[in-house]
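The values are calculated or read from the model by the stated rules, or taken from the named source; none is laboratory data. Quick caveat, the model's predicted, so the values are computed rather than measured. Positions of Cβ are backbone-derived with ideal geometry, glycine not excepted, and every protein chain shown enters the neighbour counts. Quick note on the areas: whole protein, heavy atoms, side chains included, nothing else; ligands and nucleic acids left out. Shrake-Rupley method; radii C 1.70, N 1.55, O 1.52, S 1.80 Å.
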Amino acid sequence: MLYGDSILHGGYGGNLRLAEPPAAALKRLRPRYTIDDRTANGETATTRAASFANEKREARFVVIGHGINDAALSLPVEAPLRSMIATAMREGRVVIVTGLSRQRIPVPGRDKYDAAIRKVAQDTGAGFADWGAEEFRANEMADILHPAGAYSQRLSMRIVQTLDRLAPDCRV
């Protein structure tokens with residue numbers, strides 16, 4: 001199950017979506033997985049955390065990709081992430097959180113929020129897909145904030161690598 005903002009959704013330009021959003025890339029890269037995409041453009045960790053505990057989940061894995069909107073709006077990210085991770089782990093899910101991607105013009109607080117998300121993953125035992133470590137090329141952006149195809153696919157591959165580490169039985 002994927003929870004996250006426009007970057008994990010593959011959204012850009014307000015209401016557009018990549019030809020192959022991350023959910024489709026994950027399915028192509030690891031066809032044995034069933035993907036339930038619950039991402040939404042503009043979503044924050046605070047917004048999702050408010051309904052997360054009441055949502056029904058059946059997946060083995062929960063991927064949470066929030067933080068860039070939280071940074072842009074100066075919203076808390078640690079407490080809502082900890083809440084979602086704790087809920088999913090109580091349900092017996094394996095949780096992966098993503099770091100933050102890069103932008104043409106950096107979002108103020110991006111590095112601080114990325115470090116906070118990494119710490120939450122370490123503290124809770126969640127897997128961490130390090131999007132900040134992925135090679136960034138300004139010409140691979142759909143707009144000022146959102147990755148285009150090639151960059152988005154590399155970010156998706158970071159999730160795949162984390163899934164493979166946590167569930168080698170599900171590799172292609």
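A search for C-beta distances below 7 Å between a residue of region 96-110 that is closer than 29 Å to ALA86 by Cβ and any residue that is part of a loop (DSSP other than H, G, I, E, B) and among the aliphatic types (A, V, I, L, M), counting only pairs 6+ apart in sequence or on different chains, returns ILE96/ALA126; VAL97/ALA126; ARG110/LEU100. Residue check: LEU73 meets all listed conditions (1) closer than 23 Å to GLU58 by Cβ; (2) among the aliphatic types (A, V, I, L, M); (3) out of contact with any helix residue (DSSP H, G or I) (no Cβ under 8 Å at 6 or more places or on another chain) but one, namely (1).
Confirm whether ALA59 is open to solvent by 10 Å² or more (accessible area, probe 1.4 Å) and modelled with pLDDT of 95 or more.
Details: open to solvent by 10 Å² or more (accessible area, probe 1.4 Å): yes; modelled with pLDDT of 95 or more: yes.
The answer is yes for ALA59.
Which count do you get for residues in region 1-10 that are open to solvent by less than 30 Å² (accessible area, probe 1.4 Å) and in a helix (DSSP H, G or I)?
Counting residues in region 1-10 that are open to solvent by less than 30 Å² (accessible area, probe 1.4 Å) and in a helix (DSSP H, G or I) gives 3.
The residue that is farthest from the chain's Cα centre (by Cα), counting only those in region 116-131 that are over 20 Å from ASP164 (Cβ atoms) and open to solvent by less than 60 Å² (accessible area, probe 1.4 Å), is THR124.
The combined condition, being under 24 Å from ARG17 (Cβ atoms) and not aliphatic (A, V, I, L, M), is not fulfilled by ARG82. The set of residues in region 11-34 being out of contact with any Gly (no Cβ under 9 Å at 6 or more places or on another chain) and surrounded by 20 or more Cβ atoms within 10 Å (Cβ to Cβ) consists of TYR12, LEU26. Inclusion of SER51 among residues that are open to solvent by less than 70 Å² (accessible area, probe 1.4 Å), out of contact with any Gly (no Cβ under 8 Å at 6 or more places or on another chain) and free of Cβ contacts under 8 Å to residues at least 12 places away in the same chain is warranted.
Could we say that GLU91 is at pLDDT 95 or above, open to solvent by less than 50 Å² (accessible area, probe 1.4 Å) and either out of contact with any Gly (no Cβ under 9 Å at 6 or more places or on another chain) or not basic (Lys, Arg) (or both) here? Answer is no for this residue. Selection within region 35-48: residues that are among the aliphatic types (A, V, I, L, M) and in a loop (DSSP other than H, G, I, E, B). The member of this set that is most open to solvent (accessible area, probe 1.4 Å) is ILE35.
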